[in-house]
Structure formats: structure tokens, C-alpha cells
Amino acid sequence: MFKTITTLLRSRSHDVAEAITDANALQILRQQLRDAAAGLESAKHAVAVVMAYAQRERKAMARLDRQHAELEERVLDALRKDREDLAAEGASAIAELEAERAACAKSIAHYDGEIRKLREQVSLAEHRLRTLQRGKQIADAAQRTQKLRGTMPDGVLASLREAEATLERLQGRQDHAEEVEVALAEINAGSSAEATSARLAAAGCGAPLRSEAAEVLARLRAQAAPST
């Protein structure tokens, strides 16, 4: 039972840690990239230090080469002058210089190998860091977009749809009212013209609009009279 409880607590602790990590993933990524960039600068400094050591060894080798050449010339001159004692002393010094030069050359080879490996590692690290930085930029953009989407709740969209429907109904009523006004104007225009025509006809202006009773009776008598 105790083991089960311990396992449960460990599981919950792991879940909480993962939840915290997920919620703060972008902030964690930023700090990790800052740490990586700082480590990369330290690595570059280490390469520079090794290169300085190698350069120092090359200068030492150049100095040894100059001493070697000078001693060889002097030993040869001593031999030409039958100074075997000086020639032997010079030969011993040359041997020491050659041993020192060999050690120097070995150090340079070692430094060059380390410099080559460190440079390759630094170049790879720089490439990976640039890739991660581009990924962080994309993640930053995605987070900002998500925040902007979060400022537009569903209630706002619903209100916009309702406002659009209200505006559509209002425009429909306004269009209908305009159509009614046009029809009324036409009716009023027609009624006004008829009234004016009637007043003019009654005043004897133009043909009468309706027949008088005497005219109707005369027309009917003419129809009733027998034809001859």
C-alpha cells in the first residue's frame, strides 16, 4: 500500500511538473536559448585561447629554426677551422634544439587538431542555435496570434451576427416605406389630375367628362324612332 501511495505521489508530481513546463514552455525556451548562446560564446573564447597557444608555439618554432640555422653555420665553420671541440659543443646544442623543436611541432599538431574539432563543434552549435532561434520566432508569432484570437470571444461574434440581422430588417422596412411613399405619390398625382380635369370640364373648357341627361334622352329617342 505504501508503495502504491508513493507511486501515485510521484505520478502526480510528474504531471504537475509537466503541466508547469507546458504552461511556461516559451519562457523556458527563451532562457534555454540564452544559456546556449552564453555557452557558445564561452566555447568561442576557448577556441581563441587554444589558437593563441598554437600561435605561441609557432613563434617558438620559428625562433628555434633561426637558432638551428645559425648554429649549423657556426659548427660548419668550426669544422672548416679544425675546431673539433667547438664543433662538438655546437652539435650538442643543435641536438637540444632539434629535440625542443620536435616537442614544439608535436604541441602545434595537437593544438591544430583541437582547434579543428572545436571549430566544427562551434559551427554545428551555431547552426543549431540559429535553427532554434527561428523556431522561437515562429512560436512567439503563434502565441501572439493566439492571444489576439482570445480577445474575440464568442459573445462578440454572436452580437455581430444579431446586429447584422437587425440592420437587414431595418433596411427592409426602410425600403418598403420608400415604396409606399412612391405609390402614394403616384395615387395623389393621379387624383389631383382627375380633379383638375373635372373642374375644367365643368367650366366648359374642352369636352365634358360625362354626358348630360338631355343628351342621353335625345340619343335614346333617335334609336327608338322607326327607320323609313
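We did not get these values from a lab; they are worked out from the coordinates using the rules stated. Since this is a predicted model, take the numbers as computed values, not measurements. Here the Cβ positions follow ideal geometry from the backbone for every residue, glycine too, while neighbour counts run over all protein chains shown.
Overview of values
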| read-out | value |
| --- | --- |
| Length released on extending from A225 to R63, taking residue separation times 0.36 nm less the Cα-Cα span | 42.2 nm |
| Computed E for A177/C205 - FRET, C-beta separation, R0 45 angstrom, nearest 0.05 | 0.70 |
| Cβ-Cβ FRET estimate between L29 and L124, R0 fixed at 22 Å, reported to 0.05 | 0.65 |
| Cα-projected label distance for A48 with A158, points at 7 Å along beta-carbon direction, nm | 6.3 |
| Extended-chain gain in nm, criterion 0.36 nm per residue less alpha-carbon gap, D112 and A142 | 6.3 nm |
